[in-house]
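Asks: Encoded as structure tokens, here's the structure I'll be asking about.
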Amino acid sequence: MPTKTKMLKMFMIVAVAAIAFQPADALRRNATTNAGAGAKVGPASDDPLYRAKTLRAAADALGMVRWSDIGAGSVRLPAVDAVNTMEIWATGTTYDAGQAYKTEYHAAIGYNPPAMRVEMTRTPAQGSGAAQHTIQVVREKYAWDESEIGAGLVPGKGTATPAMSAVSSRLLQLWILPYGVLKAALAAGDKTKISTENGSAVVTFPLGGLLADVMVKATLDANHEVARVETRTDNPALGNMITETEYSDYADHGEIASDVKSPGHIVQKQGGHPVLDIQLKMVDANNPYLVFPIPENVKKAAIH
């Protein structure tokens, strides 16, 4: 039986292949025709060609897919998903129990394996208070907090505190980023449905694994960029999975241009309450070297 790592690699190959069978310009034209203002395709289209066109247009809008017209004879090199690892630096406001905090935000992101490390330094927006520094990590089925980056891997170097109850909520943040939305929509296959709402293309699909009870609804803007992501669940144990996230001001925010576009402004609500409002300062989308090793005490905590 294939390991989870092999299965994930197989999924990525299939995911890229699913959007690889038509030229980009044609897909943009067709997606615009099908998902433009006033278009009516029913509550949810099951047409696999239309689904592939819509997701391909969204991937192209983000700059996720790399193509080559160079090949031997009639053979064309395959498409490559350009987003595997990424770093984000931002500043803005986060909220905890209704209190606002001025926040410096740094996220390291990986999709193979799925992992995310979020480092924040927060100070109360009103009144006085000491700065709070946190590092929250998730990788696959493990979650932990670090006292410093890489804590718990070498004796005497920081502390890694297991946070297994946070696995699902942290994984969700990875998969509702625009890049995660498209990867997960492709992985969902024919469970992914495309419809229109107020003239905009809407992509609806279930997540998998630990988030199998979560449904995602992603709305694309006129440029096929992911503008809004809503998640819902009927599982009362996953109440914190109900989120609304808005993405805007897309651009290449890299210090070194990568042609990968990212949202400049991210606003998120959870259960109807604000949790995040940040402006991106810089993004490294050139697949930086990022690792998320799991401390031994975290592995042991997951067993128990």
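The values are calculated or read from the model by the stated rules, or taken from the named source; none is laboratory data. From a predicted model like this one, the values you see are computed outputs, not experimental measurements. Neighbour counts run over all protein chains shown; Cβ positions are idealised from the backbone, glycine included.
Asks: Give the range 85-101 a look and list any residue that's surrounded by fewer than 17 Cβ atoms within 10 Å (Cβ to Cβ) and more than 18 Å from Met282 (Cβ to Cβ), or say none.
Replies: If the condition is that a residue be surrounded by fewer than 17 Cβ atoms within 10 Å (Cβ to Cβ) and more than 18 Å from Met282 (Cβ to Cβ), then Asp96, Ala97, Gly98, Gln99, Ala100 are the ones that fit.
Asks: Say whether the condition of being surrounded by fewer than 19 Cβ atoms within 10 Å (Cβ to Cβ), closer than 24 Å to Pro236 by Cα and either of a type outside the set (Lys, Arg) or in contact with a His (Cβ under 9 Å, 6 or more places away or on another chain) (or both) is met by at least one residue in the range 148-159. Full working, then the answer.
Replies: The first filter runs over the range 148-159 and keeps only residues surrounded by fewer than 19 Cβ atoms within 10 Å (Cβ to Cβ), leaving 148-151, 153-159.
Next cut, closer than 24 Å to Pro236 by Cα only: none.
Within the range 148-159 (the criterion being surrounded by fewer than 19 Cβ atoms within 10 Å (Cβ to Cβ), closer than 24 Å to Pro236 by Cα and either of a type outside the set (Lys, Arg) or in contact with a His (Cβ under 9 Å, 6 or more places away or on another chain) (or both)), the answer is no, since none of the residues qualifies.
Asks: Next question, about the same structure. Limited to the range 246-275, what total is found for residues that are within 23 Å of Arg122 (Cα to Cα), within 15 Å of the chain's Cα centre (by Cα) and not small (Gly, Ala, Ser)?
Replies: Here the count works out to 7.
Asks: Residues of the range 128-162 being in contact (Cβ under 8 Å) with a residue 40 or more places away in the chain, part of a strand (DSSP E or B) and more than 25 Å from Glu244 (Cα to Cα), which ones?
Replies: Ala160, Pro162
Asks: Does at least one position in the range 180-188 carry a residue that is buried (at least 24 other Cβ atoms within 10 Å of the Cβ) and over 25 Å from Glu119 (Cα atoms)?
Replies: yes
Asks: Is it the case that the range 254-268 has a residue that's surrounded by fewer than 20 Cβ atoms within 10 Å (Cβ to Cβ), modelled with pLDDT under 95 and not in a loop (DSSP other than H, G, I, E, B)?
Replies: The answer is no; no qualifying residue exists.
Asks: Does the range 84-118 hold any residues that are among the small types (Gly, Ala, Ser) and outside any strand (DSSP E or B), and which are they?
Replies: First, pick out the residues of the range 84-118 that are among the small types (Gly, Ala, Ser): 90, 92, 97-98, 100, 107-108, 110, 115.
The answer is Ala97, Gly98.
Asks: Follow-up. Of the residues Leu276, Leu290, Leu238, Leu280, which is in a loop (DSSP other than H, G, I, E, B), under 20 Å from Trp175 (Cβ atoms) and out of contact with any Cys (no Cβ under 6 Å at 6 or more places or on another chain)? Steps first, answer last, please.
Replies: On the way: Leu276 fails: in a loop (DSSP other than H, G, I, E, B); Leu238 fails: in a loop (DSSP other than H, G, I, E, B); Leu280 fails: in a loop (DSSP other than H, G, I, E, B).
Result of the check over Leu276, Leu290, Leu238, Leu280: Leu290.
Asks: Scan the range 216-230 and tell me whether some residue there is modelled with pLDDT under 95 and assigned to a loop (DSSP other than H, G, I, E, B). Spell out the reasoning first.
Replies: Initial filter on the range 216-230 (modelled with pLDDT under 95): none.
Within the range 216-230 (the criterion being modelled with pLDDT under 95 and assigned to a loop (DSSP other than H, G, I, E, B)), the answer is no, since none of the residues qualifies.
Asks: Of all residues in the range 163-202, how many are more than 14 Å from Thr245 (Cβ to Cβ), in contact (Cβ under 8 Å) with a residue 40 or more places away in the chain and not in a helix (DSSP H, G or I)?
Replies: 8
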